[in-house]
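Chemist: Here it is, the structure in full.
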Amino acid sequence: MPTLFVVIPVFNEPETLGDCVRKVVAVSLPVAWTMRIVLINDGSDSATRLASEQLAAQFSNSMTLLHHQVNRGKGAALQTGFAHVVTASKNDLDAMIIQDADLEYDPNDFVPLIHALESNATNCSAFGNRWHNGSVQPGAQGWLHMRANRLLTTLSNLATGLRVTDMECCYKIIPVEVLRKILPMLTENRFGIEPQIAAALSRTGVLVVEVPVSYSPRSIKDGKKIGPIDGVRALWVIFRSKFRA
């Protein structure tokens with residue numbers, strides 16, 4: 001019976017974390033699949049830490065809670081979660097998916113992402129695609145967000161040889177056996193982890209397919225943490241991956 005490990009990095013999200021975890025737990029996975037949540041509190045404020053500890057107690061049979069004593073960044077939190085997953089996994093068919101704690105994504109999309117793994121080659125991963133059918137949040141901010149993501153995706157594709165539409169999408173489902181191979185290649189502590197994951201998958205020859213997913217973006221005013229500096233860092237990661245031996 002394969003397990004889907006849901007890795008959730010969280011930093012200062014006391015208002016959304018509980019709803020996020022409950023939505024994840026409520027997902028009806030395909031037959032034979034079970035779920036294990038790996039929540040990484042990345043040096044959050046006391047309210048988020050308390051919320052994470054309460055959730056870990058409530059869902060003790062299906063959740064592991066890990067802590068960073070200081071904030072180290074999304075990439076560092078993911079690496080901590082990934083390291084736990086590759087140690088905890090006991091089945092070659094297990095898979096890992098990344099879930100943000102801010103309610104921008106719908107965990108029900110886990111199901112088609114799992115189906116994408118099951119329908120393709122063994123050496124396969126799947127990315128979500130927020131921009132299917134020209135989907136974009138109304139307004140200038142939504143348009144700029146989409147264009148910036150598409151630029152980074154295009155440059156990443158040129159560097160890696162992948163042909164994806166939304167490299168920056170949070171939803172990436174990766175078989176644990178593949179995760180074992182790419183984990184030593186991952187070093188980015190912030191949002192540069194996204195293009196680095198794509199580059200690592202490319203270097204290991206993994207087929208990457210795409211699945212349309214739902215997306216309800218929030219603004220910086222609402223608490224979104226990624227900013228222009230992270231875009232610059234992503235460009236550097238992409239450039240470095242292009243010329244890495």
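The values are calculated or read from the model by the stated rules, or taken from the named source; none is laboratory data. Given the structure is predicted, the values throughout are model-derived calculations rather than measurements. FYI the Cβ positions are ideal-geometry reconstructions off the backbone, even for glycines, and counts take in every protein chain you see.
Chemist: Being among the β-branched types (Val, Ile, Thr), under 24 Å from LEU29 (Cα atoms) and out of contact with any strand residue (DSSP E or B) (no Cβ under 8 Å at 6 or more places or on another chain) narrows it down to one residue among VAL70, VAL86; which is it? Before the answer, list the steps.
Modeler: Details: VAL70 fails: under 24 Å from LEU29 (Cα atoms).
The conditions single out VAL86.
Chemist: Which condition number in (1) at pLDDT 95 or above; (2) closer than 30 Å to ARG163 by Cβ; (3) outside any strand (DSSP E or B); (4) among the small types (Gly, Ala, Ser) is the one that ALA121 fails?
Modeler: (1) is the only condition that ALA121 fails.
Chemist: Please tell me if SER44 is surrounded by 15 or more Cβ atoms within 10 Å (Cβ to Cβ), in contact (Cβ under 8 Å) with a residue 12 or more places away in the chain, in a loop (DSSP other than H, G, I, E, B) and out of contact with any Ser or Thr (no Cβ under 6 Å at 6 or more places or on another chain).
Modeler: yes
Chemist: Name the single residue that is surrounded by the fewest Cβ atoms within 10 Å (Cβ to Cβ) among those in segment 184-197 being within 14 Å of the chain's Cα centre (by Cα) and in a helix (DSSP H, G or I). Please lay out each step first, then the result.
Modeler: Filtering segment 184-197 for residues within 14 Å of the chain's Cα centre (by Cα) gives 186, 188-197.
The next check asks that each one be in a helix (DSSP H, G or I); those that pass are 193-197.
Working: ILE193: 26, GLU194: 30, PRO195: 27, GLN196: 22, ILE197: 26.
Going through the qualifying residues, I end up with GLN196.
Chemist: Residues that are in contact with a strand residue (DSSP E or B) (Cβ under 7 Å, 6 or more places away or on another chain) and either modelled with pLDDT under 80 or part of a helix (DSSP H, G or I) (or both): does segment 198-213 have at least one? I'd like the intermediate steps shown before the answer.
Modeler: Going residue by residue through segment 198-213, those that are in contact with a strand residue (DSSP E or B) (Cβ under 7 Å, 6 or more places away or on another chain) are 201, 206-213.
From what is left, the residues that are either modelled with pLDDT under 80 or part of a helix (DSSP H, G or I) (or both) are 201.
Yes, there is a match, as at least one residue in segment 198-213 is in contact with a strand residue (DSSP E or B) (Cβ under 7 Å, 6 or more places away or on another chain) and either modelled with pLDDT under 80 or part of a helix (DSSP H, G or I) (or both).
Chemist: Scan segment 68-91 for residues that are out of contact with any Pro (no Cβ under 8 Å at 6 or more places or on another chain) and either at pLDDT below 95 or farther than 18 Å from ASP42 by Cβ (or both) and report the count.
Modeler: Counting residues in segment 68-91 that are out of contact with any Pro (no Cβ under 8 Å at 6 or more places or on another chain) and either at pLDDT below 95 or farther than 18 Å from ASP42 by Cβ (or both) gives 5.
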